[in-house]
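J.: Quick one: this structure, given as C-alpha cells, is what I'll be asking you about.
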Amino acid sequence: MQLSLFDKKRFKSLADFQNMIQRGASHEEILSSLMDHDFFKSPKTNTAFKLQHSKYIDKILDFRVSFVEEMLVYEASGFDPDGNHETWGPKLHEGVQTWVGLDNETLQTPYCDIYRILALLKLRPYQEVVDLGAAYGRIGVLIGGLYPKNFFTGYEFVKERVNEGNRVFAKYGFKNSKLLSVDLGSSQFSLPLADVYFIYDFGRVEDILKTLREIEGLSARRPIRVVVRGKWTREIIENQLSSFELLHEGRLEKPFQIFSVRQF
Ligand SMILES: C[S@@+](CC[C@H](N)C(=O)[O-])C[C@H]1O[C@@H](n2cnc3c(N)ncnc32)[C@H](O)[C@@H]1O
C-alpha cells in the first residue's frame, strides 16, 4: 500500500467531526482518531470554534456530560430553586465549589488547548500528569490516546463526573488514565507525588493554597511543573509562593502559565 503521497488529513474542518457523528463512526475509527494529533487540534482558533470542536469530540466519544450535569442541576434546584452556578455546587457538595450549573464548555478546558499545553510540556516517558479538580478528565483522554507511555490521574470531588470519565477511559481501553473521587481541601487528603500538576481554579481559594503548598513540599523530591489556568491560582502564586518560577506564558483565548517549582 502506498502511504504518504495519498494520505489525506482526516480533520480539516468542523464538518469532518460533524460527519463522523452523523454517520455513526465505528469504535475502531474512533480509536484511531484518538491516536491522531489532528483530532485534537481545532480547525480554527476562535473561541466559538474551539468550544464547538470540544463539543463534537465529547459527542463522538459518547461523553454524557450534559446528562450528568442536568441531573446535578435537577438535584440542586430541588432544594435551592432560586440558586445558580455560584450557589448550587456548595449546597450540594458540603460547601465545596463544584460549579454545578456552569455552562458545560466553561467548566472544562477545550481539548485543543490541552493538546497545545501537553505539546509544550514535552513529557518524557513514564512522567505523570495530575489534574487537580479534573471534572470529566479531558486531559486523560489525550494522555490515553496520544501519550501511551505517560500516566494521568485526575482528582475530582463530584463522584458522578468521576464515574463518567472512568467509563469513557474504560470504553477506549485507556489503562494509563484514571479519575479518583477526593476532596482536595480535606485535611485527610495529602497529594501524591507527580511530575506535572494542572490547576484550573478548582474551588475555594483556601483549598487551592493548601494544594499549592503541598506541591511546594513535594518539589524537594522531584522537579515539578505546574500548569495554571485561572486568575485566582495565578494571584496566589505571585503573592504567596516564591518557589514557583514562570517558565512559559501561554496566550490562548484563556491565558495559561507553566511554572517550575524548586526548593532553595
Ligand atoms: C473549573 S473545573 C476544571 C476541570 C478541568 N481541570 C479542566 O480544566 O478541564 C474545576 C473542577 O474542580 C472540582 N473541584 C472543586 N473543588 C474541589 C475539591 N476540593 N476537591 C476536588 N475537586 C474539586 C470541581 O468539581 C470541578 O469539576
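J.: Once you list every other residue whose beta carbon is under 11 Å from the beta carbon of ASN163, what net charge do they have if Lys and Arg are +1 and Asp and Glu are -1?
T.: Taking every Cβ under 11 Å from that of ASN163, the sum is +1.
J.: Can you give the FRET efficiency for PHE189 and GLN263, using 1/(1 + (r/R0)^6), R0 = 25 Å, r = Cβ-Cβ distance, to the nearest 0.05?
T.: 0.70
J.: On a full-extension model of 0.36 nm per residue, what is the gain between GLU94 and ALA220, subtracting their alpha-carbon distance, rounded to one decimal in nm?
T.: 42.1 nm
J.: How many nm is it between the label spots at LYS44 and ILE21, if each spot is 7 Å from the Cα in line with the beta carbon?
T.: It is 1.7 nm.
J.: For the chain, what is the percent of antiparallel DSSP beta bridges, rounded to the nearest 5?
T.: 40 percent
J.: Taking the highest mean first, how do the peptides 64-74, 23-33, 209-219 order by number of other beta carbon atoms within 10 angstrom per residue?
T.: Output ranking for 64-74, 23-33, 209-219: 209-219, 64-74, 23-33.
J.: With 24 Å as the limit, write out which pairs from LYS44/LYS178; LYS159/LYS210; LYS8/LYS178; LYS12/LYS149; LYS41/LYS149 have Cα-Cα distances beyond it, or answer none.
T.: Those over the limit are LYS44/LYS178; LYS8/LYS178; LYS12/LYS149.
J.: Here is a further query. In 5 Å bins starting at 0, how do the alpha-carbon pair distances of the chain split up by percent?
T.: In whole percents, the pair-distance histogram is 1, 6, 13, 16, 19, 17, 13, 8, 4, 2, 1, 0, 0.
J.: I would also like to ask the following. For region 120-172, which trypsin sites (Lys or Arg not before Pro) are in a loop by DSSP, counting at most 10 other Cβ atoms within 10 Å?
T.: Sites meeting the loop and neighbour criteria: LYS122.
J.: Here's another thing I want to ask about it. Give me the distance in nm between label points sitting 7 Å out from Cα along the Cα-to-Cβ direction at THR87 and ARG204, one decimal.
T.: 1.9 nm
J.: Under the rule of at least 5 residues apart or a separate chain, name every residue whose amide H is placed under 5 Å from the amide H of PHE198.
T.: Residues meeting the amide H criterion: VAL130, ASP131, LEU132, VAL227.
J.: Measure out, as a whole number of angstrom, how far apart the alpha-carbon centroids of region 237-262 and region 13-31 sit.
T.: 37 Å
J.: Okay, next question. May I ask you to evaluate 6.51 cos²θ - 1.76 cosθ + 1.60, the Karplus curve with θ = phi - 60°, for each residue of region 194-203 and list the ³J(HN,Hα) values in order in whole Hz, giving x for glycine and proline?
T.: 8, 8, 9, 10, 10, 10, 10, 3, 7, x
J.: Using only the Cα atoms of region 105-261, build the gyration tensor, take square roots of its eigenvalues as a ≥ b ≥ c, and label the shape rounded, prolate or oblate: rounded if a/c is under 1.5, else prolate if a/b is larger than b/c, else oblate.
T.: Note, shape of region 105-261 comes out rounded.
Read-outs throughout are calculated quantities, based only on the coordinates presented, and are distinct from any laboratory measurement. Small disclaimer: the values here were computed from a predicted structure and weren't measured. Counting neighbours? That spans all protein chains shown, and the Cβs are built from the backbone with ideal geometry, glycine included.
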